[in-house]
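A.B. asks: Here you go, one structure.
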Amino acid sequence: MNNIRTAPTPLDNQLPCFSLLEVTGPDAARLLQGQLTCDVTGLADGQWTLGACCNAKGRMVANFLLARTDDRFVFRLAADLAESFQRHLGKYAVFYKVTLTPLQAAIFGYQMPNPKAEHSVLNIDGQLLLNWPDGRVERWADTAPDSLTDTVPLSSAAWQQLDIQSGLVWVTQASVEHWIPQHIAWDKLGGVNFKKGCYTGQEVVARVQYLGKAKKQLVGAVSTPGSSAAFQPPSLLSNIEAAGKTVGEVASWSGDRGLLVLNGEPQGALTLENDTPITTTPLPFATRSPESA
């Protein structure tokens, strides 16, 4: 981990849409436990979890993958959020013995046919390998890495498409403070722990969970066959329409499929803002993840 501080040479399987932020110091866990939706103190060394950081209204300032290794915590989040998120944490960090350090290492994506232990973090000669439940592997390295045994490199576009299949939406600068975690099903994916206690925005997030269903929900979508000839991928937060009314927005899109945040249950024929017909698709989760219970 000490080695991943300088940027490597770009490769086809580099994921430039993400950046790394390291938090170290004797108070690191205490600082993060009071700011994040995930249970930081319960995160074991050599493990990672999904999480989010909210404002007082429960709106996400950022969401991320958080890894713990050798008494360090490392955030992997949208690259265009790295600086603003560091400033946000810095407002609270001044009261704790911690150091916030941007890491210039790059992130590389792979697919493994036979998945290893999910949510694990392996430190191999200063490079970190993170295993995903669907067989994907992230490699955080400060030099252009050699090939990874028993894996297939994944391009950034392929990685995003697999994120979409898994129902993963990443907050970017364009969507800061736009959604609460439940709007993008972050609770169902294990990114919210409802037993950990207080954190900024916790009251709002918990109220939605226990007092009623979120008004917005995440669904998958694919452009209707036959519309692809002149298909233009939609932009983030562009409108979803039904019968001439706006019923939601685009949360993520790649190729012919994406993720939508709808204002309730999908009803009627849906179209993108450019009138392209789309069809909703099921997501791979139906109930809240055990980690978030």
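Please treat every number below as a calculation from the coordinates, not as lab data. The shown structure was predicted, so the numbers you read here are calculated from the model rather than taken from an experiment. Cβ placement follows ideal geometry from the backbone for every residue including glycine, while neighbour counts extend to all protein chains displayed.
A.B. asks: Running a GNM on the chain with Cα contacts under 10 Å, which residue among Trp186, Trp132, Trp48 ends up with the highest mean-square fluctuation?
C.D. replies: It is Trp132.
A.B. asks: Continuing with this model, one more query. Apply 1/(1 + (r/R0)^6) to the Cβ-Cβ distance of Lys195 and Ala269, taking R0 = 51 Å, and write down the FRET efficiency to the nearest 0.05.
C.D. replies: So, using R0 = 51 Å, E works out to roughly 0.80.
A.B. asks: Could you identify which residue out of Gly126, Gly46, Gly58 has the top mean-square fluctuation in a GNM of the chain using Cα springs shorter than 10 Å?
C.D. replies: Looking only at Gly126, Gly46, Gly58, the largest GNM fluctuation is found for Gly126.
A.B. asks: Now for a different question. For Thr101 and Ala44, FRET efficiency with R0 = 35 Å and r from the beta-carbon atoms, rounded to 0.05?
C.D. replies: 0.95
A.B. asks: Hey, in the GNM for the chain with a 10 angstrom Cα cutoff, which one of Ala243, Ala106, Ala67 fluctuates hardest?
C.D. replies: Ala243
A.B. asks: Among the lysines, select those whose C-alpha is under 26 Å from the C-alpha of Lys245, and discard any that sit fewer than 8 residues away in the same chain.
C.D. replies: Lys213, Lys215, Lys216
A.B. asks: If you don't mind, there's one more thing I want to ask. Grab the Cα-Cα distance for Lys116 and Asp12, subtract it from 0.36 nm times how many residues apart they are, and report the gain in nm with one decimal.
C.D. replies: 35.1 nm
A.B. asks: Name the shape class, rounded, prolate or oblate, that the alpha-carbon gyration tensor gives for the range 67-139, where a ≥ b ≥ c are the square roots of its eigenvalues, rounded holds for a/c under 1.5, and otherwise prolate holds if a/b is larger than b/c and oblate otherwise.
C.D. replies: Numbers: a/c = 2.55, a/b = 1.97, b/c = 1.29.
In terms of gyration-tensor shape, prolate.
A.B. asks: Something else about it: Would you mind calculating the gained length between Ser235 and Tyr210 on full extension (0.36 nm times residue separation, minus the Cα-Cα distance), in nm to one decimal?
C.D. replies: My answer for the length gained is 5.7 nm.
A.B. asks: Roughly what would the spin-label model give for Phe285 and Glu177, points 7 Å off Cα along C-beta, in nm?
C.D. replies: 2.6
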